[in-house]
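The next block holds one structure in the form of structure tokens; read it before the comments.
The values are calculated or read from the model by the stated rules, or taken from the named source; none is laboratory data. Worth saying up front: this structure is predicted, and the values here are computed from it rather than measured. Neighbour counts run over all protein chains shown; Cβ positions are idealised from the backbone, glycine included. With ligands, DNA and RNA removed, areas are computed over all heavy atoms of the protein, side chains included. Shrake-Rupley method; radii C 1.70, N 1.55, O 1.52, S 1.80 Å.
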Amino acid sequence: MKDDSTQPKGKSPGVNEQPVWARPEAFAVADAGWGWVDRKGVRHSCESFEGLSSAIVEDAGAQVDLVWTPACDYLVLPEELPELHPAMRDARIRWAQWEIEEGRKQTMIFGAFLLGFVVFSVISRRELLAFGPVGLALLLLVAFGLVPWYQGRKRWQRAQSRALVTSAKDLDEIRFETWLTHQKTPFTKWLLGLIAVVGLCQWLGAGSLSASVEAAGLIKVNGRATDWWRLLTSPFLHGHWIHFLMNASALLYLCRRMEVLARWPHVAAVFLMAAWVGGEASARFVAGPSVGASGGLMGVLGFLLVFEFFHRALVPETATRRLLAGVILTGVIGVIGFRLIDNAAHVGGLVAGMVYAFALFPKSDSARRPRETGPDRLVGIVAFGVLVLSAAWACVKLIG
């Protein structure tokens, strides 16, 4: 797989150059005959076109990622082959129906929990908005019930009323997102591993959530952290397993995207800086203790918004709009769960990431990704070293 960081001989960069994800060689070389590749990268051969089409129609878990035919030199998206559109349309209708049904089930489950907690708070004469389980149930209802149901309805309506791919922009976004999932991002995995190790120590060592927060969370007094190192250890802790899973899924997507587009050193630097700034903002505007990687993740999101706006030839416009939608959705969830969510850390981290991108990445018409320089690597190594030491110190405080 070629990388666009190397300029071809005899060719100067220009605005008409294709980004790497749009090139035919963006994906691996195809095998002979027919077949498809699942989300884990495993190849499955088929005896004929009919067999490939049946595999797509019968795909229960949206596992068909890429396909190949005798006419393909490289793996391609099934959406890029018009003869596969009927099969893809049938599959997408079924996927959308499944998502609608799952969203409906989750809405009923978390809606029942929400109703029960509301009734309990009324009976026990608790302040409704101050009763933590009410806010948590409401967040889960929105995140795992209403949002998936709405997305499934949109996909079902699109599959029913329109062609599989309505424009070149649609195809560009699908190709870009698929290409992202096939890129190697070791730093993202290392960062997730650090958070997972601290999470294990938090679960096994501290004994309780309150004890773990007291040991390494962000405890504040008079608008400042009680210990400066808590600004670095608290991003590795989480309030509960749902909090961890939500941040882990966001990290895998956002940090992967940033590592592929802007290189790993900037992921390390932005996550560290945004987590610190988010912690400082939290200390000044939120009195209670805080934990979680959301400040650093919001920094990565803010960086991507500015970076992709300045590099419009590198990323499909529709893909960048989804990031903006993520900011809006995070804001809505923050308003709904303001008793549980540290909005100050979110805003502080978001602004820090945006400022970093403004300062280091000027506007460019090139479709090529920035190169990784020596100073970049040095900054990245230092930032990653600080993150490793912070995670280690958090484990020491939790276990000790």
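Counted residue by residue at 0.36 nm each, then reduced by the alpha carbon distance between them, the extension gain from Trp98 to Val42 reaches 17.7 nm. Compute the helix-to-body angle for 241-262: its Cα long axis versus the longest principal axis of the chain, expressed 0 to 90° and rounded to tens. The angle comes out at about 50 degrees. Residues of the stretch 220-252 falling in the label zone of Leu209, defined by backbone nitrogen less than 15 Å from a point 7 Å along Cα to beta-carbon, are 237-247. At q = 0.19 Å⁻¹ the log10 of I(q)/I(0) for the stretch 180-337 amounts to -1.23, computed by Debye summation with a single uniform scatterer per C-alpha, solvent ignored. One chain, two ends: Lys189 and Arg377. Fully extended at 0.36 nm per residue, the span grows by 65.9 nm beyond their Cα-Cα distance. With the convex hull drawn over the C-alpha atoms of the chain, the volume per residue is 152 Å³.
For Ile336, Ile56, the ranking by accessible surface with the largest value first comes to Ile336, Ile56, using a 1.4 Å probe. Please compare each pair in Lys40/Lys154; Lys40/Lys169; Lys169/Lys363; Lys184/Lys363 to a cut-off of 31 Å on the Cα-Cα distance and tell me which ones are over it. From the list (Lys40/Lys154; Lys40/Lys169; Lys169/Lys363; Lys184/Lys363), the Cα-Cα distance tops 31 Å for no pair. Within the straight-line cut-off of under 18 Å between alpha carbons, the aspartates and glutamates reachable from Lys220 are Glu280, Asp342, sequence neighbours fewer than 8 places apart in one chain being disregarded. The alpha carbon centroids of the stretch 382-400 and the stretch 270-291 are separated by 17 Å. Helix 374-399 axis versus longest C-alpha principal axis of the chain: approximately 50°, rounded to the nearest ten.
Note on Val29 and Val396: the extension gain reaches 127.3 nm, defined as 0.36 nm multiplied by sequence separation minus the Cα-Cα distance.
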